[in-house]
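Below: the structure, in structure tokens.
The values are calculated or read from the model by the stated rules, or taken from the named source; none is laboratory data. If you're wondering where the values come from, they're calculated on a predicted model, not measured in any experiment. So basically every Cβ, Gly included, is an ideal-geometry build from the backbone, and we count neighbours across all protein chains shown. Heavy atoms of the whole protein, side chains included, go into the accessibility calculation; ligands, DNA and RNA do not. Shrake-Rupley method; radii C 1.70, N 1.55, O 1.52, S 1.80 Å.
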Amino acid sequence: MAAVTALNEGLFTYLKPADVAKLGEAYRFSEAAHAGQTRQSGEPYISHPLAVTEILAGWHMDSQALMAALLHDVMEDTSVTKDEISDTFGKPVAELVDGLSKLDRIEFQSAEDAQAENFRKMLLAMARDVRVILIKLADRLHNMRTLGAVSPAKRRRVARETREIYAPIANRLGLNNLYQELEELAFAHLYPLRHRVLAKATRSARGNRREVIGKTQEAIKAKLVDASIEAAVNGREKHIYSTYKKMLEKHLTFSEVHDIYGFRVIVKDGIPSCYLALGALHGLYKPVPGKFKDYIAIPKANGYQSLHTTLIGPFGTPVELQIRTEQMHRIAEAGVASHWMYKDEAATLSDLQKKTHQWLQSLLEIQNQSGDSAEFLEHIKVDLFPDEVYVFTPKGRILSLPRGATAVDLAYAVHTDIGNRCVAAKVNSELVPLRTELRNGDRVEIITAGHAKPSPGWLQFVRTGKARSNIRHFLKTMQYDESAALGERLLEQAMRSLGVTLAQIDDQNWDRAVRDSGARTRQEVLADIGLGKQLPAVMARRLLRFREASKDEGKAIAKPIGSVVIRGTEGMAVQLASCCRPIPGDEIVGSIKKGQGLVVHAADCHQIERSRKNEPDTWIEVDWDPATSKLFQAAIQVTVTNQRGVLAKVASEIADAGSNIDSITMDEDRSLYTTMLFVIEVANRQHFARVVRSLRRLPDVVKLARMRE
Ligand code: MN
């Protein structure tokens with residue numbers, strides 16, 4: 001088992017023997033795949049995946065992650081496929097390797113303007129499986145450690161990318177040791193001269209101050225013993241790059257930065273001991289006012305917790321203290337990787353991943369709110385997945401959609417039924433129109449209703465093929481019957497106005513008329529009428545022509561039926577005009593338009609006055625089916641006194657009256673009054689009146705009007 005020996009078994013004692021054996025298999029597989037390849041340094045290529053795996057073993061990563069690390073370059077650099085990996089090592093390992101290969105293909109663009117959006121995308125890519133990014137970071141760490149072998153141009157590019165992208169991500173994930181090392185290596189390769197000078201100065205400064213530091217450390221330890229607090233006290237190494245950054249940012253000289261001593265106090269007991277230690281040490285040396293920070297009560301975004309304080313030391317030099325528990329210390333050092341390093345036996349991986357997802361999400365939220373995210377993001381110039389947006393479902397599932405995708409696309413991505421029945425969407429808890437474009441990190445909730453159906457209007461804004469084809473399919477097939485039923489009613493009316501009823505047409509006449517109109521079935525003809533592809537009057541005359549030709553019955557004159565009854569649920573076949581938004585209880589008229597079906601307007605709609613006069617033939621009488629149970633959109637304009645919280649009051653009053661709000665438009669007027677336009681859902685006029693009555697009770701409301709164009 002030469003392979004397992006090469007893997008340095010001592011590192012893997014935390015794994016089961018069976019898993020170690022599998023690692024050996026992965027090692028041999030990778031070695032064979034990379035056979036003949038060498039690194040720039042001349043070493044066999046396998047030395048690289050092996051080193052990456054050992055870094056990850058140091059974090060106690062699970063065996064799947066370690067196998068993926070051994071195999072991480074085989075898809076990119078050899079002819080091995082994802083299927084082969086899946087067959088030999090299982091699907092989870094293959095997914096990890098595939099994820100890594102995809103990350104490899106991303107070219108990071110260093111642009112001047114860093115965008116919070118871009119960083120968020122990277123976070124979201126990680127949120128799917130944080131192990132991918134941990135393997136990637138270990139890969140990068142080893143490449144940085146061995147960067148001396150590559151050409152100067154490549155060295156600078158890789159070092160810059162590391163400083164701008166990978167180090168900040170390691171920081172964000174709380175992998176502090178990794179973060180420090182990446183920054184340090186990047187600095188050494190980007191500014192070799194500065195690094196050398198500072199390294200030398202640091203070494204000599206350490207020598208000169210050793211005595212003072214030792215005395216201070218002893219004094220701190222003694223004080224803690226006095227106070228009966230069990231704790232370890234360590235001096236803190238000043239990293240070269242962090243010294244350099246401080247010099248630049250705070251305009252300090254090297255000795256001004258280095259004349260600050262840093263100590264870390266790690267208490268044995270819990271959180272109360274941290275505060276006790278703080279009190280004791282504030283008694284030892286005077287604290288510098290305004291320097292105390294409580295990251296225990298308010299942890300940093302990456303989960304970091306500690307008390308920070310600065311004291312005036314024995315020789316007047318500042319002493320920086322970090323006080324924390326052992327658990328806080330582990331998280332401070334290893335961040336998200338501490339989930340693996342110190343996991344309880346019982347905790348399953350999926351559980352950990354769930355926690356990590358939640359953690360990444362909370363991180364996103366904090367990033368949105370905190371002011372210093374901009375400062376952090378200044379250094380991030382990622383442009384991952386430029387064509388995709390990532391959004392969250394209410395359950396925290398992450399979905400990727402093409403850029404420009406809307407709430408309807410998301411609804412269809414979740415499930416066809418959700419798409420077909422969606423009526424509204426909430427983005428980050430706010431109601432938005434279905435056509436709203438989604439942005440990275442949006443949390444989107446789709447609101448469905450049992451009776452709802454896709455609207456042909458959606459085809460104008462959906463982006464995904466899935467949504468488009470589903471809407472088309474629905475409109476074509478599912479509404480066919482409704483269209484045919486409406487077509488029959490329209491045809492009946494047209495027939496009666498010619499003095500005949502449909503019942504008087506026999507099958508033979510029907511068949512001939514169907515053939516003559518180019519359709520295959522009677523149902524198809526009726527659906528065409530319902531959908532506005534054929535005009536009912538034309539079909540009625542055609543049927544009568546054949547009836548006349550066959551000259552059977554006598555002349556029983558039929559009375560015209562009054563009006564066509566609509567329910568509003570006919571979908572594409574019946575459209576409610578958006579200019580006047582008629583609701584049950586309104587007097588309505590219908591216009592049959594070729595290609596549009598029946599368009600229903602309020603009888604008093606201003607938009608139709610001219611057409612009713614000039615083209616009376618296209619207008620028919622329509623009535624509401626009293627049994628309709630649909631909700632209809634109506635617009636209401638509400639003018640209120642301009643006060644904080646008034647929108648919430650109005651919205652909750654509308655909701656209390658049993659109505660949904662579909663959209664809200666507000667004018668930006670900052671004067672005494674604000675006018676808001678609500679599109680709400682009501683069952684009928686009585687319901688609308690109820691909403692108006694409720695709103696009128698609000699003292700802030702000065703004017704209410706139903707809106708029509
Ligand atoms: Mn690699």
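Data for the structure
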item: Criterion (open to solvent by 10 Å² or more (accessible area, probe 1.4 Å), within 30 Å of the chain's Cα centre (by Cα), more than 20 Å from Leu134 (Cα to Cα) and modelled with pLDDT of 85 or more) met by exactly one of Asp62, Asp87, Asp83; result: Asp83
item: Test set (1) within 14 Å of the ligand (Cβ to nearest atom); (2) modelled with pLDDT under 90; (3) of a type outside the set (A, V, I, L, M) - Asp19 fails condition number; result: (1)
item: Answer residue from the stretch 101-122, given it is open to solvent by less than 60 Å² (accessible area, probe 1.4 Å) and not in a helix (DSSP H, G or I) and is modelled with the highest pLDDT among those; result: Ile106
item: Inter-residue pairs, beta-carbon under 6 Å, first over 19 Å from Arg403 (Cβ atoms) and in the stretch 426-454, second open to solvent by less than 70 Å² (accessible area, probe 1.4 Å) and of a type in the set (Phe, Trp, Tyr), 6+ apart; result: Pro454/Phe474
item: Residue match in the stretch 287-297 (condition: modelled with pLDDT under 85 and open to solvent by less than 20 Å² (accessible area, probe 1.4 Å)); result: yes
item: Residue list for the stretch 488-508, filter: touching a residue at least 60 places away in the same chain (Cβ under 8 Å) and either surrounded by 19 or more Cβ atoms within 10 Å (Cβ to Cβ) or not in a helix (DSSP H, G or I) (or both); result: Arg489, Leu490, Glu492, Gln493, Met495, Ser497
item: Flag if Val233 is part of a helix (DSSP H, G or I) and either out of contact with any Gly (no Cβ under 8 Å at 6 or more places or on another chain) or open to solvent by 60 Å² or more (accessible area, probe 1.4 Å) (or both); result: no
item: Single residue of the stretch 417-467 satisfying the filter (in a helix (DSSP H, G or I) and open to solvent by 60 Å² or more (accessible area, probe 1.4 Å)) that is modelled with the highest pLDDT; result: Asp417
item: Test: residue in the stretch 649-657 that is in contact with a helix residue (DSSP H, G or I) (Cβ under 8 Å, 6 or more places away or on another chain) and open to solvent by 80 Å² or more (accessible area, probe 1.4 Å); result: yes
item: Residue in the stretch 677-700 that is open to solvent by 60 Å² or more (accessible area, probe 1.4 Å) and touching a strand residue (DSSP E or B) at 6+ places or on another chain (Cβ under 6 Å) present; result: no
item: Any hit, the stretch 629-647, residues being touching a strand residue (DSSP E or B) at 6+ places or on another chain (Cβ under 9 Å), under 27 Å from Arg435 (Cβ atoms), open to solvent by 30 Å² or more (accessible area, probe 1.4 Å) and of a type in the set (Ser, Thr, Tyr); result: no
item: Tally of residues being hydroxyl-bearing (Ser, Thr, Tyr), modelled with pLDDT of 90 or more and not in a loop (DSSP other than H, G, I, E, B) across the stretch 22-45; result: 2
item: Matching residues, the stretch 173-223, being open to solvent by less than 20 Å² (accessible area, probe 1.4 Å), of a type in the set (Gly, Ala, Ser), under 30 Å from Ile133 (Cα atoms) and assigned to a helix (DSSP H, G or I); result: Ala186
item: Wholly enclosed helices (runs of 4 or more DSSP H) of the stretch 521-630 bearing at least 2 residues modelled with pLDDT of 85 or more and among the hydrophobic types (A, V, I, L, M, F, W, C); result: 522-530, 536-550
item: Number of positions in the stretch 534-548 that are crowded, with 17+ Cβ neighbours inside 10 Å and of a type outside the set (A, V, I, L, M, F, W, C); result: 4
item: Meets criteria (at pLDDT 85 or above, of a type outside the set (S, T, N, Q) and under 23 Å from Ala537 (Cβ atoms)) for Val638; result: no
item: Boolean, Asp98 is surrounded by fewer than 20 Cβ atoms within 10 Å (Cβ to Cβ), within 16 Å of the ligand (Cβ to nearest atom) and either under 21 Å from Ala149 (Cα atoms) or free of Cβ contacts under 8 Å to residues at least 60 places away in the same chain (or both); result: yes
item: Candidates Tyr241, Tyr261 - the one that is at pLDDT 80 or above, buried (at least 19 other Cβ atoms within 10 Å of the Cβ), in the same structural domain as Ser306 (by TED's automatic domain parsing) and in contact with a strand residue (DSSP E or B) (Cβ under 7 Å, 6 or more places away or on another chain); result: Tyr261
item: Elements of type helices (runs of 4 or more DSSP H) in the stretch 236-292, at least 3 residues being charged (D, E, K, R) and either free of Cβ contacts under 8 Å to residues at least 40 places away in the same chain or farther than 17 Å from Arg324 by Cβ (or both); result: 240-250
